[in-house]
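The values are calculated or read from the model by the stated rules, or taken from the named source; none is laboratory data. A quick note: this is a predicted structure, and the numbers were derived from the prediction, not measured. Cβ sites come from the backbone with ideal geometry, for glycine too, and all protein chains shown count toward neighbours. Please note that ligands, DNA and RNA were not included when accessible areas were found on the heavy atoms of the full protein model with its side chains. Shrake-Rupley method; radii C 1.70, N 1.55, O 1.52, S 1.80 Å.
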Amino acid sequence: MKIDILLGLQWGDEGKGKIVDALTPDYDIVARFQGGPNAGHTIEFHKTKHVLHLIPSGIFHEGKINIIGNGVVLDPVVFRREVESLGIDIETVRRRLLISLKAHLILPTHKLLDAAHENALGDFKIGSTLRGIGPAYTDKAARSGIRVGDLLRKNFREFYNEHVSEHLRILRGYGRSYDLQDLENEWFDATEFLKHFKTVNADYYIDRSLREGRCVLAEGAQGTMLDIDFGTYPFVTSSNTVAAGACTGLGIAPSRTGEVFGIFKAYCTRVGSGPFPTELNDENGQLMRDRGNEYGSTTGRPRRCGWLDLPALKYAIMINGVTRLFMMKADVLSGFSEIEVCTSYTINGEEITELPYCLTDIEKLNYKTMAGWNCDITGYKSWDEMPVALRHYIEFIEKETGVPVTIVSVGPDRSATIYRQ
Ligand code: GDP
Ligand code: IMO
Ligand code: MG
């Protein structure tokens, strides 16, 4: 068996949680491969809404295993809060969830460092979610991180203190005051809670599962344009959000990857700072925000909105080797009399279709105008019911990218999902 990968092609919040949940019946295992509590994956069914930050989006399905992979940075405090608010009894969550011993932990000082660092950036803030993500991955790369497996050490408190002393030195340099005691008490309590969950060598577990013929879906967080290498650096997150990140974040060889499902919104959004070529600072942008309820699932911040950016989408498809596209939030564009799609950029008077090294070099965006559709498509169940203008929009994207759009999402609920073979 091969492992399928599902990931975001834009700046995150494409609707990954909804689709992972919808596809989980086809898989035995769902495994998150990177990111941490900066993610907010929304799932809606039976008139209830859940937002997951660390727990994989297959958790609501009986008989499925969910894995938090080694590439994830895990905050025990967020983890505890999330488990307790799932609406599933804890024993059931324990049965359905496995945590990699190699996943790194977010410490209270990582969050303080994130805030201090962001504050020091003045006018050039990344717009971080301030969940401690950057500092936790920094420690991982610096070989001074603490992993889930370390919680089992007899002298853990000492081990922790040694690691934190360097953080305290840096924090003193920032000259910020903080109350660490309460944060640490909460954190250590949460690590005790975490210890009651099953931890595994997830790499071996996934290898065995694949050899036994079980189906695995790797769930990404953030999106390609937020990737540390291929995103709009430095306005990115601190992990590899792309398909290659699934290999390093779970311990699977590239030769064992199967389909790569790329999720994109029918338009674009971005939360936080950084270049966003097709951003609309007008009433159309506001309309997308209102209709799409474009407010961050993790921080509640308003998301910046704009038209679909084809050069950026094609770049993301190339980097990830996307085999199928899933288009989300088609319903949000209903009612726009015309829809614009950016097909190329102009730089130094020359038209280009590739993403430039520096997005701020773009002088002009070139758009194709397409007809909109003026009906509510939320209740639609099949491709044949789709308005002709929407079908043309999708067929245009397929022609431009060379990749089929096999799912069209028309509402936040699990059931508002149209499958196209
Ligand atoms: P993720 O981070 O990629 O999982 O996406 P988020 O959950 O952060 O943001 C997607 C938002 O759009 C959530 O509020 C979803 O409930 C919602 N959503 C997902 N698919 C659709 C859709 O097709 N139509 C509409 N209107 N909302 C959707
Ligand atoms: P999901 O998985 C959207 C953005 C932040 C900020 C930048 C760096 O829900 O799609 P970080 O906290 O990682 O240091 O922030 O990345 N960001 C996201 N934007 N969706 C996400 O996750 C995001 N995770 C981080 O807003 O601009
Ligand atoms: Mg999100």
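Numbers for the structure displayed
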read-out	value
Matching residues, segment 320-373, being surrounded by 13 or more Cβ atoms within 10 Å (Cβ to Cβ), at positive phi and not charged (D, E, K, R)	GLY321, GLY335
Members of segment 65-85 that are surrounded by fewer than 18 Cβ atoms within 10 Å (Cβ to Cβ) and either of a type in the set (Phe, Trp, Tyr) or touching a helix residue (DSSP H, G or I) at 6+ places or on another chain (Cβ under 9 Å) (or both)	ARG81, GLU84
All strands (runs of 3 or more DSSP E) inside segment 319-371 with 1 or more residues being in contact (Cβ under 8 Å) with a residue 40 or more places away in the chain, under 28 Å from the mean Cα position of the chain (by Cα) and farther than 30 Å from ALA246 by Cβ	338-347, 364-371
Contacts under 7 angstrom Cβ, first residue in segment 6-24 being away from ligand 3 (no atom under 13 Å from the Cβ), partner open to solvent by 10 Å² or more (accessible area, probe 1.4 Å) and part of a helix (DSSP H, G or I), 6 or more apart	LEU9/ILE317
Members of segment 1-55 that are on the phi > 0 side of the Ramachandran plot, surrounded by 24 or more Cβ atoms within 10 Å (Cβ to Cβ) and either more than 11 Å from ligand 2 (Cβ to nearest atom) or of a type in the set (Asp, Glu) (or both)	ASP13
Filter result for ILE407 (among the aliphatic types (A, V, I, L, M), open to solvent by less than 10 Å² (accessible area, probe 1.4 Å) and assigned to a strand (DSSP E or B))	yes
The lone exception for GLU385 - which of (1) among the charged types (D, E, K, R); (2) away from ligand 1 (no atom under 14 Å from the Cβ); (3) within 27 Å of the chain's Cα centre (by Cα) it fails	(3)
Selection within segment 106-153 - open to solvent by 30 Å² or more (accessible area, probe 1.4 Å), touching a Gly at 6+ places or on another chain (Cβ under 8 Å) and among the small types (Gly, Ala, Ser)	SER128
Pair list, Cβ under 8 Å, 6 or more apart: segment 288-313 residue of a type in the set (Phe, Trp, Tyr), other residue in a strand (DSSP E or B)	TYR295/PRO302; TRP307/CYS268; TRP307/ILE339; TRP307/GLU340; TRP307/VAL341; TRP307/CYS342; TRP307/TYR367
